[in-house]
Every structure is written in C-alpha cells, then in structure tokens.
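For reference, the structure discussed in these notes is given below.
The values are calculated or read from the model by the stated rules, or taken from the named source; none is laboratory data. Note that the coordinates shown come from a computational prediction; the quantities given were computed from them, not determined experimentally. Methodologically, a virtual Cβ is constructed for each residue, glycine included, from the backbone with ideal geometry; neighbour enumeration extends over all protein chains shown.
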Amino acid sequence: MDGGLIAVAVRAEHDRAVLAGLLGRDPVLHAYQLGDLDDFFWPYTSWFRRGDQVVLLYHGVELPTLLAFAAPDRVAELAGLLVEAAPVLPARMWAHLSPGLEAALGRWFVVSEAAAHHRMALTDPVRLAAVPGVGEPLGPADAAELAGLYAVAYPGNWFDARMLETGQYVGVRERGRLVAVAGVHVFSPRWRVAALGNVTTHPDVRGRGLGAGVVAALCARLRASVDHVTLNVRADNAAAVRLYERLGFSRVAGFTECALTSAAAAG
C-alpha cells in the first residue's frame, strides 16, 4: 500500500465473460481481441489483466503477436501492465501497440521494423451504399487460387485459410481467373465485430474500381451480422486510406506495428 492506494498485480485471465465485458467497452479499438474470444481462436490465446486493462498474446501464428491497446488517457495504466508482464513474454514477438507503449517495453526488448498504422471503422454507411458492390462469395475450395493471387498481388500478406470457413470472403473472376478479393481477419457475430483483411487486386486490373467494389460487397454482407466493421492500414499507405474513407471508414485510433526481440537475445 502506498499513499492509500492498493497496488493491483498482473494476473492471467481465463474468464471469457470477464474479458468480453472489459474489451466490449470499446469494441472498435478491441475488435481483434474480441474476435479472438471465439472458439475458433481462443485455444491460441493468453490474456494478461491488471485491473480493467487487458493485453492479448496470440500464439496461432509462427511469431507470437502481442496486442495492447488503450485510449490515450489510459496508456499509462496499460504500460504498467506491460512492465509487470514483460519478464514472462516470449523472447521474440510481433506487436500491435498503442502509441507510447514501445517505451514501456524498452528495458526488456529491442524494437525494430516499427510502422505507424491507423485503426479505421465504418462510420458512414451512406458513403458505402454509394459504391456498387461486385463479386461472389468464396469458400474453402478457393484457398489455393487465393494463395496464388496473394503471391502475385500481395506478397508477404498474412492469410489464414481457415477464415474462408466464415463465408466472409468476396472475389471477382474474369475469364476464369480470380483478380480481386476482400476478406476478413476477424468475424464474430457473437461479439458483433469484424475486421477486414486480405484485400487485394491483381496488378493487371488495378485502377478499375474492383478493390472498392469487393470491399463494398463484403461490408454489406458483414453489416447483416455485426455492429462494428473495422480494419488496420499503414498510415503511409495514402491510396488505401483514401479508398476506405471513400467507402465510409474513418480513422479512430493510431497504433504501431513492430517486432520485439528480448534485449538479451538481441545482444
């Protein structure tokens, strides 16, 4: 006890109802974490909690990914959680961090490959409705063709083929070839959130509005099942930001994507 305040220790949280209540206070900021409460992702998650602040470590990818988001006036509290949890985190991780949290981890980790990103959310359905949707639903049978498109049009893209099972991928074919696609990284009707991902257009057909068309079609589908449609985009990708703004998305938060390597391993 210090000055009448009781220190709150970091704990592992295993109660999905508790996590949903905390994360659901800001479903746009925490859309990815809410989606990971679903059975589809839950087995690959570890959760750290300190008071009402929550951090997710996701293990379902080759490099564990740390998600730590807070409103600007709560970043210091979340930094306190990270400081206490840092000694038990993996030696190498990818991270999505609210601005300022990189410094909180600086004692234990070397930060590299840092890039500023926007979290955007669909806030103007009228703009969305003004863009004609195009494309047809895609499913698990289209996984190989999708992987081929990403290899050409979006190399390095993270694509979890299991997400095709959601039915929330839309693609355009021309002369039997898949040339444009929009999909999801998160789709959770239970928690009423979705996050767009894996959006690309083949270089041969860019500039014709197919990207906007498949995103518009997908968003129309998603809005039948969820209340919040979100996405992440690099802050320096001006063309993508303009595209999403034309479709009715707004920038609602900033964060940093970066690699974290333990200082001991880096040394």
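Here are the numbers for this structure:
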| read-out | value |
| --- | --- |
| Meets criteria (under 26 Å from residue 75 (Cβ atoms), among the hydroxyl-bearing types (Ser, Thr, Tyr) and more than 15 Å from the chain's Cα centre (by Cα)) for residue 188 | no |
| Criterion violated by residue 260 - all others in (1) assigned to a helix (DSSP H, G or I); (2) of a type in the set (A, V, I, L, M, F, W, C); (3) surrounded by 15 or more Cβ atoms within 10 Å (Cβ to Cβ) satisfied | (1) |
| Residue count, the range 138-166 (criterion: in contact with a helix residue (DSSP H, G or I) (Cβ under 8 Å, 6 or more places away or on another chain) and in a loop (DSSP other than H, G, I, E, B)) | 3 |
| Check on residue 67, touching a His at 6+ places or on another chain (Cβ under 6 Å) and modelled with pLDDT of 95 or more | yes |
| Residues within the range 182-214 that are within 30 Å of residue 37 (Cα to Cα), in contact with a Ser or Thr (Cβ under 6 Å, 6 or more places away or on another chain) and touching a residue at least 40 places away in the same chain (Cβ under 8 Å), tallied | 2 |
| Flag if residue 130 is under 21 Å from the mean Cα position of the chain (by Cα) and surrounded by fewer than 15 Cβ atoms within 10 Å (Cβ to Cβ) | no |
| Residue within the range 166-175 that is under 23 Å from residue 240 (Cβ atoms), loosely packed, with under 14 Cβ neighbours inside 10 Å and of a type in the set (D, E, K, R) present | yes |
| Matching residues, the range 83-102, being surrounded by 17 or more Cβ atoms within 10 Å (Cβ to Cβ), of a type outside the set (D, E, K, R) and touching a strand residue (DSSP E or B) at 6+ places or on another chain (Cβ under 6 Å) | 85, 93, 94, 95, 96, 97, 98, 101 |
| Odd one out for residue 36, checked against (1) crowded, with 21+ Cβ neighbours inside 10 Å; (2) out of contact with any strand residue (DSSP E or B) (no Cβ under 6 Å at 6 or more places or on another chain); (3) not hydroxyl-bearing (Ser, Thr, Tyr) | (2) |
| Candidate set from the range 103-122 (those that are within 20 Å of residue 197 (Cβ to Cβ) and surrounded by 14 or more Cβ atoms within 10 Å (Cβ to Cβ)); member that is nearest to the chain's Cα centre (by Cα) | 119 |
| Considering residues of the range 10-58 that are over 15 Å from the mean Cα position of the chain (by Cα) and aromatic (Phe, Trp, Tyr) only, the residue nearest to residue 87 (Cα to Cα) | 48 |
| The one condition in (1) assigned by TED's automatic domain parsing to the domain that holds residue 71; (2) in a strand (DSSP E or B) that residue 107 fails to fulfil | (2) |
